[in-house]
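The values are calculated or read from the model by the stated rules, or taken from the named source; none is laboratory data. Every value quoted in this text rests on a predicted model; they were computed, and no experiment measured them. Backbone-built Cβ (ideal geometry, glycine too); neighbour counts: all protein chains shown. For accessibility, only protein heavy atoms count, side chains too; no ligands or nucleic acids. Shrake-Rupley method; radii C 1.70, N 1.55, O 1.52, S 1.80 Å.
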Amino acid sequence: MRLIILGGPGSGKGTQLRRLSQSLQLTGLSVGDVLRDAIAHSTRLGLQAAPYVSKGELVPDEIMIQFMRLRLLQEDVSQGWVMEGYPRTAFQAEELDFVLSDFGQYLTKAIYLEVSEEVMRSRSQKRSRPDDTPEILNLRIKRFKERTIPILEYYGRRDTLVIIDANQPPEAVQAEILQKIKKTGFLQ
Ligand code: AP5
């Protein structure tokens, strides 16, 4: 099974990634965490990504696509995965499909965690990450609307999209995701 979790800042992608990777026994990949870790360790990827992440801008597609192509070749994801933070642009979504088809694989479902902008702000403000300041958060929300919302249509056309009411508590969000995936016949 290969699942992606989509949603704006603070929609609960990281939270549901941890829950789903545990309950479905899938490798969990958080692209935002990978970038933050790379920045903290000043790796090549981290040095390339830092100027963008620190401002709330998206890291350029070429950098992300090259990195993800290599990441998805690793052994720990060969049997399936659940991923959040990628894709975030139409170009990344198309590239992910190309990569998967090169490996003879396909995406099982794209899970969209729908929350109001108010919820995005209030949840993010409760954390104290360097990219959670009001100005940077405004830009992350703006980029989410401009670049990520359009890919919902991409997955909708492929009949891959599952929309979840993510304004609920984490356990209710998880239950709705599992119930909707089961309905499609991908889970027992
Ligand atoms: P990233 O870290 O992925 O940031 P984000 O998408 O803005 O998401 P967040 O981490 O803010 O929120 P989340 O949805 O994971 O929510 P969480 O579970 O933590 O990316 C950071 C940056 O990296 C980007 O800005 C960009 O620069 C770059 N980047 C990353 N991927 C990229 C890509 N593909 N291309 C280009 N650039 C890229 O929850 C938030 C809070 O709410 C927590 O405190 C949690 O406890 C709480 N919470 C969660 N769920 C609930 C709930 N149901 N009810 C109540 N509280 C909840």
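For the condition at pLDDT 95 or above and touching a strand residue (DSSP E or B) at 6+ places or on another chain (Cβ under 9 Å), GLY12 qualifies. Cβ-Cβ distances below 9 Å connect the following pairs, each with a first residue in the stretch 11-26 that is farther than 20 Å from SER122 by Cα and of a type outside the set (A, V, I, L, M, F, W, C), a second residue that is open to solvent by 20 Å² or more (accessible area, probe 1.4 Å) and part of a helix (DSSP H, G or I), and a separation of six or more residues or different chains: ARG19/PRO170; ARG19/GLU171; ARG19/GLN174; SER23/GLN174; SER23/LEU178. Taking each residue of the stretch 37-51 that is within 14 Å of MET64 (Cα to Cα) and looking for partners that are among the aromatic types (Phe, Trp, Tyr) with beta-carbon atoms closer than 7 Å, six or more apart or interchain, yields LEU45/PHE67.
Is it fair to say ILE181 is β-branched (Val, Ile, Thr), open to solvent by less than 30 Å² (accessible area, probe 1.4 Å) and either in a loop (DSSP other than H, G, I, E, B) or modelled with pLDDT under 95 (or both)? Walk me through how you get there before you give the answer.
Values: β-branched (Val, Ile, Thr): yes; open to solvent by less than 30 Å² (accessible area, probe 1.4 Å): yes; either in a loop (DSSP other than H, G, I, E, B) or modelled with pLDDT under 95 (or both): yes.
When the stated conditions are applied, ILE181 passes them.
Checked against the criterion of being touching a Ser or Thr at 6+ places or on another chain (Cβ under 7 Å) and either of a type outside the set (A, V, I, L, M, F, W, C) or at pLDDT 95 or above (or both), the candidates ARG129, ARG147, ARG140 yield just one match: ARG147. Total residues in the stretch 140-166 satisfying the condition of being among the aliphatic types (A, V, I, L, M), open to solvent by less than 30 Å² (accessible area, probe 1.4 Å) and not in a helix (DSSP H, G or I): the figure is 3.
Out of the residues in the stretch 66-85 meeting the condition of being modelled with pLDDT under 95 and near the ligand (Cβ under 10 Å from one of its atoms), tell me which one is farthest from VAL99 (Cα to Cα). So the residue we want is PHE67. When restricted to residues that are more than 26 Å from LEU178 (Cβ to Cβ) and at pLDDT 95 or above, the stretch 102-120 contains 2.
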